[in-house]
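For reference, the structure is listed below as structure tokens.
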Amino acid sequence: MLGQNHDIYHEFPEYTQQIEKLRTSNSDFAKLFDEYTELNREVIRIEQLVEPRSHEFHESLKKKRLRAKDKIYEYFHEQG
């Protein structure tokens with residue numbers, strides 16, 4: 001949705017401690033976290049009309065962001 005904060009900490013507030021632990025102890029997670037953060041930044045810039053792009057491109061970024069978010073969520077369940 002436009003205007004909503006999709007920062008990973010807002011998406012998963014209950015996993016804040018796990019996010020921090022994984023970012024420092026797991027390089028694959030850290031890379032995925034950075035990828036999600038960059039995708040989120042790009043989506044926000046498009047939604048705020050800072051960086052106008054086509055609707056199709058905007059939607060493709062949102063889908064990539066969602067896939068990254070799903071992968072991040074999987075890490076939480078692997079940790080038990």
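The values are calculated or read from the model by the stated rules, or taken from the named source; none is laboratory data. Small disclaimer: the values here were computed from a predicted structure and weren't measured. Cβ: placed from backbone, ideal geometry, glycine included. Neighbour counts: every protein chain shown.
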The stretch 47-75 residues that are touching a residue at least 60 places away in the same chain (Cβ under 8 Å), paired with ones that are surrounded by 12 or more Cβ atoms within 10 Å (Cβ to Cβ) and basic (Lys, Arg) (beta carbon under 9 Å, 6 or more apart): none
The stretch 11-33 residues that are at negative phi and surrounded by 15 or more Cβ atoms within 10 Å (Cβ to Cβ), paired with ones that are charged (D, E, K, R) and part of a helix (DSSP H, G or I) (beta carbon under 7 Å, 6 or more apart): Glu11/Lys69; Phe29/Arg23; Leu32/Lys71; Phe33/Arg23
Selection within the stretch 44-80 - under 13 Å from His6 (Cα atoms) and at pLDDT below 95: Ile44, Arg45, Glu47
Residues (part of a helix (DSSP H, G or I) and either on the phi > 0 side of the Ramachandran plot or touching a Pro at 6+ places or on another chain (Cβ under 8 Å) (or both)) located in the stretch 34-54: Ile46
Candidate set: the stretch 34-57, residues that are hydrophobic (A, V, I, L, M, F, W, C) and surrounded by 14 or more Cβ atoms within 10 Å (Cβ to Cβ); chosen: the one nearest to Tyr75 (Cα to Cα): Leu39
Matching residues in the stretch 1-10 - criterion: being within 14 Å of Tyr73 (Cβ to Cβ) and either surrounded by 13 or more Cβ atoms within 10 Å (Cβ to Cβ) or of a type in the set (Gly, Ala, Ser) (or both): His6, Ile8
